[in-house]
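Asker: Below is one structure. I have some questions about it.
All of the numbers you see were taken from the coordinates with simple rules; none came from a lab. Predicted, not measured: the structure shown is a model, and the values here were computed from it. Glycine gets a Cβ as well: all are built from the backbone with ideal geometry, and neighbour counts include every protein chain shown.
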Amino acid sequence: MIKNVIFGKRSKLTKSLISKIDNYEIISSSEITNDRLKLLNNNKKNYIINNFYPTHKLDALNPSDYEKFIELSLTKLIKILSNLNFKNINKIIYTSSSSVYGIDNNLNISEKDKFNRKIYASFKYSAEKIIENFCYNKKINFYIMRLFNTYGDKNDDFSFIEKLIKIKKNNLNLKLANNGISLRDFIHLDDVASIYKKFLKNNYKSGIYDIGSGRGRLIKNLVDFVGIDKKKIIKINNINEIQNSIADLTKLKKNLGDYKFKNLEKYIKSQIKISNQKKFFYTKNDYPVTKYEGSVIYGAGFAGINLLSKLKYQKEKIIYFIDDDQKKQNTLVNNIPVISLQDLVRINRKKTIDKIFIAIPSLNEKKIKLINKKLRQSFFDIRSLPQKKYLISNKIDLNDLKIEQINSILNRNTIQVKKINTLKNKNILVTGAAGTIGFEICRQLVYQEANKIIGIDQSEISVYKKKNIIDKKIKLLLCDVNDIVLLNQIISKNKISLIIHAAAYKHVNILEENIYAAIRNNIMGTKNICDAAIKNHSDLILISTDKAAEPRSILGYSKKICEQLIHFYNSKKKKEYFNIVRFGNVFGSSGSAVSKFMEQINNNQPVTITNKSASRFFMTILEACYLVLESTSLKLKNKTFILNMGKPINIYKLAFKLAQLKKNLDPTYKMKFIEIGLKRNEKLHEKLFQKNEKLQKINKNLFFVSNNNFDHQKFSQYFVNLEKKYSFLAKKDIINYLKRICKI
């Protein structure tokens, strides 16, 4: 008969095992030494590994105990495996825990986590992987037993059932987490020992097994069943815990058949007096089924939106979009909330998620499989349909491109968005809030927990379009920056402490033909914003452009003078911070070259390139807007912050990469292009700073330049003349005058 060696003398399970099995030897944790282990190598043996850090000590675990925790949890296990002769190992049974199912993907620990269970669970999971790796390499039969909640040992201080019985007997207080609305699976220790005995005796398939009854008891019904005095119940809410924890007996039943588990109700009645009128609590089989809620689409881009209409036609109820892109989260698409996967996992504990449809055609097969694997940890019905079935269109769309893909196209690293403490609880005004950049800034301010976010924009149609997708914390108003009365009313009424000025006409070619509008909106509008900020004691950030560095276009001149206005107003104020953030092109912003390229590619038109050698600076809107917000935390006055745009990108190569995306969807597509030449006043290459501006580094993402030679008096004289005369001067005279101001 093969001998059974049990590691873990004090384990509650060990006590039950020795009453069930013969020919055993128990080795305590203190006896697990190299010399003691080598004495076991003479004959084939089965090994049951029960030793681990005691569960009853978990809620008192603190940093001074970490060394002991690691020793008992992993070091002793590694010592066992390292010293045993694998040729004489018949089987290994490792006692794990159902707590591993509660490990989050990122393993974040928060103050709401109960009894250090995430630490416990993560080490149990690590031990499982060590066992698996060892046994697969050495070709040893192994069984990892994920135990659910055990009972049957009166001295077990960690067992909920034994605690409940003790509390009832002694009329003690009961700490009840989350009103007891979770389902738990309970199994008697004798049943666990009997199952282990069968696994020792028979050659079952190696792997991981759930060891529980397969029936869920509602905690609050258990408390009612035992009859705990309501005055003795201390409610602890918002504790992070698994809502439903019930063993899946599918694998176990293949080996054991219909095993008859001990009755929990009878056990409790044997320990304490229970009134005959008491009703049994719900089990998994008779617990009311949550009503059907609906399905989810993974991917809130072009393909996801088109799939939505198709599924609606098929009477499929869609209740959420999931998207990994932070800028899409906390918005509405076709009146359906867009949330993160983490949010959906939490929601799934309360709602029934029927199906998840993956609608991200831009991902390759390998990435689709990874997403499938991640989803199946929490959901059953995952449908990754063939791309052509749910794509509906073979057109490329910016909404289908993930941040990682865009960064790959631009050769940039994905920025890590962090909390900026200086923005929390602030009242902030964003101008141009219905535009690409302004709206993204508003969205990010929600994440940064600003107290009040007021967005203004002069475009009625843009405000209308954004109204359906804004967060409830964002208030979007129709207001022209040249309406100084309304502007001051908004700032004063909402007690604005920071203004982020993103409103501007920005299209180079259009402004060349509309110089008066450029001056009125960009320059005079910025002056009004500065006046309003001074009057209301608000800080101000001006969003500028690389075209303001050594300007040659109307856009460049107007934005350069806007920057000069900031320098000028800095001399008039005392406490407030007026600064500038200057950056290049934002990938895919409305009316940009990227948008134009994609439109031409989708319509099989020749892509129009100004010059094959032309280059521009590009970054993602997420990164650009986050760095604008980061600059507000830097208490530096009268500075022009410059974002690290990386190396300029060749326009032709960028268009070619976009064409490759199209080719992935339509293999027959062939890119054609026409070189049309640079427009008047258009640069071949842009610069981020001028020769007279000295660049200084703040961090890897931000730099600044100072203009210490700025002549405030001369600028004031020139600007007053511009303000009075620009609408009466000829276009050529205005351009010459703008050039003179920019040289100050």
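Asker: Could you pull the Rg and Dmax for the stretch 700-744, using just the Cα atoms, both in Å?
Answerer: That works out to 14.2, 47 Å for Rg and Dmax.
Asker: At a 10 Å Cβ-Cβ cut-off, how would you order TYR516, TYR652, fewest neighbours first? Intermediate values should be presented prior to the final figure.
Answerer: On the way: TYR516 12, TYR652 17.
If I rank by nearby Cβ atoms, fewest first, I get TYR516, TYR652.
Asker: Can you give me the angle between helix 554-570 and the longest principal axis of the chain, using Cα atoms only, in degrees from 0 to 90, rounded to the nearest 10?
Answerer: 80 degrees
Asker: For the cross-link pairs LYS612/LYS743; LYS251/LYS374; LYS637/LYS679, which exceed 26 Å when the distance is taken from alpha carbon to alpha carbon? Mind dumping the intermediate values first?
Answerer: Details: LYS612/LYS743 31 Å; LYS251/LYS374 21 Å; LYS637/LYS679 37 Å.
Violating the 26 Å Cα-Cα cut-off are LYS612/LYS743; LYS637/LYS679.
Asker: Provide PHE321, PHE617 in ascending order of the number of other Cβ atoms located within 10 Å of each residue's Cβ, fewest first. If you can, show how the numbers build up before the last one.
Answerer: Working: PHE321 26, PHE617 22.
Lowest to highest Cβ neighbour count: PHE617, PHE321.
Asker: Quick one: work out the % antiparallel among DSSP beta bridges in the chain, nearest 5. Mind showing how you got there, number by number?
Answerer: Working: 14 of 96 bridges.
Here the share of antiparallel DSSP bridges comes out near 15 percent.
Asker: Per residue, what volume in Å³ does the Cα convex hull of the stretch 552-591 take up?
Answerer: Numbers: hull volume 3.6 nm³, N = 40.
Enclosed volume per residue, from the Cα hull, is 91 Å³.
Asker: Quick one: grab Rg to one decimal and Dmax as a whole number for the stretch 504-710, Cα atoms only, in Å.
Answerer: Both quantities, over Cα of the stretch 504-710: 18.7, 63 Å.
Asker: Another question about this same structure. Kirkwood Rh over Cα pairs of the stretch 415-504 into Stokes-Einstein at 10 °C, 1.306 mPa s: D in µm²/s? Numbers along the way, then the final one.
Answerer: Working: Rh = 13.0 Å.
D = 122 µm²/s.
Asker: Going by how many other Cβ atoms sit within 10 Å of their own, how do THR150, THR33 line up, fewest first?
Answerer: Working: THR150 26, THR33 12.
With the sparsest Cβ surroundings first, the list reads THR33, THR150.
Asker: Give the distance, in whole Å, between the Cα centre of the stretch 478-538 and the Cα centre of the stretch 609-688.
Answerer: A separation of 26 Å, based on Cα centres.
Asker: Round to the nearest 10 and give me the degree value, 0 to 90, for the angle of helix 302-313's Cα axis relative to the longest principal axis of the chain.
Answerer: 60 degrees
Asker: Work out how far the C-alpha atoms of the chain reach from end to end along every principal axis, then list the three figures in whole Å, largest first.
Answerer: 105, 63, 59
Asker: Could you tell me how many degrees, from 0 to 90 and to the nearest 10, lie between the Cα long axis of helix 593-602 and the main elongation axis, the longest principal axis, of the Cα atoms of the chain?
Answerer: On a 0 to 90 degree scale, this one is about 70.
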